[in-house]
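Once you've had a glance at the structure underneath, I'll fire off some questions.
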Amino acid sequence: DKRPATSTTPVSPSSALKTKAICCRNVSGIAMLASRSARFASGYYNKRVDGYTTTHAANCAGVVDDQLPTAGVPNGDLFWLLVEGPALMLTDIAALISIVEGDAIVALTAATSQATTAGRVLAATVTSDQTTIAIQAYNMIGNAMSAKTTGNTNAVILVNLRLR
């Protein structure tokens, strides 16, 4: 498992864990960007994704390959969808809550699949609402392997994916 380093060195390992991926086609109509959570297209489970997750604690198909270039994967192209093990994921652009190592990670709400907040993640929050707790537990993406504070907006965190 190799991830980009934070300095000018080309590559550094992020953990000793293996990352698993499946090959999917992007049918979203847009270029899908790296490190964002995706959803499967209806009727094409494990084959095609039609955009990013857009609902809080939505069912996540996987994470768009975090090693893609800035332009992402063009519409119609095949790409690796990360489904298990360490992956870099984008957090919210607003200062919502901190993320601590070990936190359960879930999808963030966005207006549409093309919104700036689409495909981003945040830590699951526990409330007294049993429905919310159940949805977050059922659709947990994985656990944080790195942390961020409320001051770290639009940050990348390392998440141990548990989608399979």
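Calculate, for L17 and S42, the FRET efficiency according to 1/(1 + (r/R0)^6) with r their C-beta to C-beta distance and R0 30 Å; round to the nearest 0.05. Don't skip to the end; give the middle numbers.
Working: r = 32 Å, r/R0 = 1.05.
My answer for the efficiency is 0.40.
For V73, V27, write out the residues from largest to smallest accessible area, computed with a 1.4 angstrom probe and no ligands counted.
Working: V73 5, V27 55 Å².
Output order, biggest surface exposure first: V27, V73.
Find the relative contact order for the range 60-137 and round it to a whole percent, using C-alpha pairs within less than 8 Å whose residues are 6+ positions apart.
Answer for the range 60-137 is 23 percent.
Let me ask something additional. As a test of reading the structure, rank Y138, Y52, Y45 by solvent-accessible area (1.4 Å probe, protein chains only), most first.
Details: Y138 185, Y52 10, Y45 145 Å².
Listed by decreasing accessible area, they come as Y138, Y45, Y52.
Continuing with the same structure: How big is the Rg/Rh ratio for the range 68-135, C-alpha atoms only, Rh by Kirkwood, two decimals? The partial results should precede the final answer.
On the way: Rg = 14.4 Å, Rh = 14.4 Å.
On the Cα set of the range 68-135, Rg over Rh gives 1.00.
How high is the relative contact order of the range 17-97, in percent, with contacts defined as C-alpha pairs under 8 Å that are six or more residues apart?
Details: 178 pairs, mean separation 33.6, N = 81.
Result for the range 17-97 is 41 percent.
List the extent of the Cα atoms of the chain along each of their three principal axes, largest first, rounded to whole Å.
Rounded to whole Å, the extents work out to 43, 41, 27 Å.
Leaving ligands, DNA and RNA out of it, work out the accessible area of T109 with a 1.4 Å probe and give it in Å² to the nearest 10.
Accessible area of T109: about 80 Å².
A further question on this structure: What percent of all Cα-Cα pairs in the range 102-145 falls in each 5 Å bin, counting up from 0?
5, 24, 25, 23, 17, 6, 0
The values are calculated or read from the model by the stated rules, or taken from the named source; none is laboratory data. Every value quoted in this text rests on a predicted model; they were computed, and no experiment measured them. Cβ sites come from the backbone with ideal geometry, for glycine too, and all protein chains shown count toward neighbours. Accessible surface areas use protein heavy atoms only, side chains included; no ligands, DNA or RNA. Shrake-Rupley method; radii C 1.70, N 1.55, O 1.52, S 1.80 Å.
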